[in-house]
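The values are calculated or read from the model by the stated rules, or taken from the named source; none is laboratory data. None of the values given here were measured: they were computed from a predicted structure. Cβ atoms come from the backbone with ideal geometry, glycine included; neighbour counts cover every protein chain shown.
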Amino acid sequence: MYYRAARHVGFVVSGAGDRQAKPLRLWGVFILTLIKLASWLFAPSKESEQAQVAAGRETVEKAAKNPAVTAALIVYRKRAFVGALSPAQVYCDGSLIAVLKNGSYAACRVAAGQHSLCVGSPSNKAQTILTPVAGEESFLRCNFLKGKLESVSKEAATMEMRALERVE
């Protein structure tokens, strides 16, 4: 009696009526395998991503040749469970300057003056406008869920960045 009731509710999947469940499970495994294969094929390679970051930093730092008129820009991402496996791409004036993993930070030099920064893609609507002062440090926290960068004081940033690792 219990077996029939459990089978009717769907708790028991093995037995005589398993002929209908097997094709569904096989299709599910097949679709998951295809999704995983597509993610491997279309994921950007580490070398191309590092080359993009190097080119973007070179573009941003080329504008900041004179150290007297440059500012340090530190972008960090706190360690969090949500979005832990997805890297955050940080753009400054349309150039990729950093790819932040969960619990990491990156630093680069930018020219003093107004800059447009965003997370995800250069066409992201949630852009942060930053005007760094020459010779000073500007700290930005990456809010991965909202897809934006938040300006943070130096004291708060140093407290939050204690356990983070630097990425190049």
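Filter the stretch 155-168 down to the residues that are outside any loop (DSSP other than H, G, I, E, B) and either over 18 Å from N102 (Cα atoms) or at pLDDT below 90 (or both) and list them by number.
E155, A156, E165, R166
Can you find a residue that is surrounded by 12 or more Cβ atoms within 10 Å (Cβ to Cβ), at pLDDT 90 or above, of a type outside the set (V, I, T) and more than 15 Å from the chain's Cα centre (by Cα) anywhere in the stretch 144-154?
Yes: one or more hits.
Suppose we keep only residues that are at pLDDT below 90 and of a type in the set (V, I, T) within the stretch 69-89. Which one would you say is nearest to E165 (Cα to Cα)?
V82
Can you go through C108, C118, C92 and tell me which one is over 17 Å from the mean Cα position of the chain (by Cα) and closer than 18 Å to E49 by Cα?
C108
Going residue by residue through the stretch 41-58, is there one that turns out to be modelled with pLDDT under 65, closer than 22 Å to V152 by Cβ and not in a helix (DSSP H, G or I)?
no
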